[in-house]
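To keep things clear, I will list the structure first and then write my remarks on it.
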Amino acid sequence: MPDPEKLHLNGHTGKRWIVVVARGQADLYSHLVQAFSRDSKVRVILDRRKDDSRNSPQVTHRLRTHGAVIIRQAQ
């Protein structure tokens with residue numbers, strides 16, 4: 001039985017998102033946490049890792065240039 005939190009009105013499973021905010025972007029992190037606080041499909045996390053080697057090049061680039069990256073969570 002599907003998780004009720006993931007269901008849309010038409011019965012299809014909804015997409016879930018993770019917003020990863022770069023270290024050193026505490027203000028952006030606070031803003032996004034507040035902005036998405038009522039959206040159960042979005043989770044905002046702060047990237048505390050000091051080693052970027054586990055990130056894909058695209059993720060590393062977006063974290064450095066935009067301060068955050070949005071990732072669709074696997075269902």
Regarding ARG48, is this residue surrounded by fewer than 11 Cβ atoms within 10 Å (Cβ to Cβ) and in contact (Cβ under 8 Å) with a residue 12 or more places away in the chain?
-> yes
Selection from the range 19-45 of residues crowded, with 16+ Cβ neighbours inside 10 Å and farther than 19 Å from GLN73 by Cα yields GLN25, LEU28
Only strands (runs of 3 or more DSSP E) wholly contained in the chain count here; list those with 3 or more residues that are small (Gly, Ala, Ser), modelled with pLDDT under 90 and in contact with a helix residue (DSSP H, G or I) (Cβ under 7 Å, 6 or more places away or on another chain).
-> none
Close pairs (9 angstrom Cβ cut-off, 6 or more residues apart or separate chains): at negative phi in the range 54-75, open to solvent by 70 Å² or more (accessible area, probe 1.4 Å) and in a strand (DSSP E or B) anywhere | ARG62/ILE70; ILE70/TRP17; ILE71/TRP17; ARG72/TRP17; GLN73/TRP17; GLN73/ARG43; GLN75/THR13
Which of the residues belonging to the range 51-75 are open to solvent by 60 Å² or more (accessible area, probe 1.4 Å) and among the small types (Gly, Ala, Ser)?
-> SER53, ALA74
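The values are calculated or read from the model by the stated rules, or taken from the named source; none is laboratory data. In this text, all values refer to a predicted model and were calculated from it rather than measured experimentally. Here Cβ is always computed from backbone atoms with ideal geometry, including for glycine, and neighbour counts include all displayed protein chains. Just so you know, the surface numbers come from the protein's heavy atoms only, side chains and all, with ligands and any DNA or RNA stripped out. Shrake-Rupley method; radii C 1.70, N 1.55, O 1.52, S 1.80 Å.
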